[in-house]
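The values are calculated or read from the model by the stated rules, or taken from the named source; none is laboratory data. Remember, predicted model here, so these are calculated numbers, not experimental data. Reconstructed Cβ throughout: ideal geometry from the backbone, glycine too, with neighbour counts over all protein chains shown. Remember, those area values only see protein heavy atoms, side chains included, never the ligands or the DNA or RNA. Shrake-Rupley method; radii C 1.70, N 1.55, O 1.52, S 1.80 Å.
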Amino acid sequence: MNSSSAAVLFLFFIFSANPFSLSATAAKEPVLDTDGEELRLGTPYYIQSAIQGAGGLELVSLFSTGIPCPKIVAQSQSTNGLAVFFNPVDSTDTTVHLSTDVNIRFPSFDPYCRSSNTWRVAPYSTLPGHWWIANGGEIDNPGPQTLLTRFKIERVEVGYKLTFCPTVCESCVTLCNDIGKYNYQNQVLLGLTKGDAWPFVFVKAFKAIEQVVEKHSE
């Protein structure tokens, strides 16, 4: 058994798991951005905290740990952070819906770590203590690596939450964990959590840039 397969199997034992059937999937309801419009394939968005002033998301290398790769998704110190693209796993869908598998990626390739900027759940051994959200995900190679890149968006009281709860097949057992924030070595990093999700909103990248320009021109 390779290390990727072992990591996935270990996830199944660590986190509570329950059977999931495709027939139990919620009716398709689109995820909305801050303009009240549907999240769309190919449109860049900033994932920003629903709590005002908490900033967007970016990738950071934790050089002080001696493990600079993969890079970990973290809360940015700037207002917007980096824009992301959402890719529904269902290739026939161009709209992001609640409770459906979606890949999330920062644009371009990471030359330092020589990896994609697609989000994934990093192996526990990457930074012991949590299952961190990192770059380096694969989306076109079916298997354990692609399982770790399937996220969902769910509605919460204020905004939305991100979860790791991959839908694979009728007979598969799936993990369901929220994505929350952890303070780690002067950084605020994203990782899997149970019942402590951080609320987010989605802002069109060009919209956020326009707002910044308008603010500086006043």
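Can you find a residue that is among the polar types (S, T, N, Q), more than 12 Å from Leu192 (Cβ to Cβ), in contact (Cβ under 8 Å) with a residue 24 or more places away in the chain and outside any loop (DSSP other than H, G, I, E, B) anywhere in region 147-164?
Within region 147-164, not a single residue is among the polar types (S, T, N, Q), more than 12 Å from Leu192 (Cβ to Cβ), in contact (Cβ under 8 Å) with a residue 24 or more places away in the chain and outside any loop (DSSP other than H, G, I, E, B).
So, of the residues in region 92-112 that are farther than 16 Å from Leu147 by Cα and open to solvent by 40 Å² or more (accessible area, probe 1.4 Å), which turns out to be modelled with the lowest pLDDT?
Ranking the candidates gives Ser108 first.
If the requirement is being farther than 24 Å from Thr65 by Cβ and of a type in the set (Asp, Glu), which of these qualifies: Glu138, Glu154?
Just one listed residue meets the conditions, Glu154.
Give the residues of region 69-78 that are under 20 Å from Arg105 (Cβ atoms) and loosely packed, with under 15 Cβ neighbours inside 10 Å, sorted by residue number.
Ser78
Can you report the number of residues in region 113-122 which are within 12 Å of Thr149 (Cα to Cα) and open to solvent by 20 Å² or more (accessible area, probe 1.4 Å)?
Final tally of qualifying residues: 2.
Consider region 133-146. How many of its residues are modelled with pLDDT under 95 and not in a loop (DSSP other than H, G, I, E, B)?
3
If I ask for residues that are crowded, with 21+ Cβ neighbours inside 10 Å and among the aromatic types (Phe, Trp, Tyr), which ones from region 44-65 would you list?
Hits for region 44-65 are Tyr45, Tyr46.
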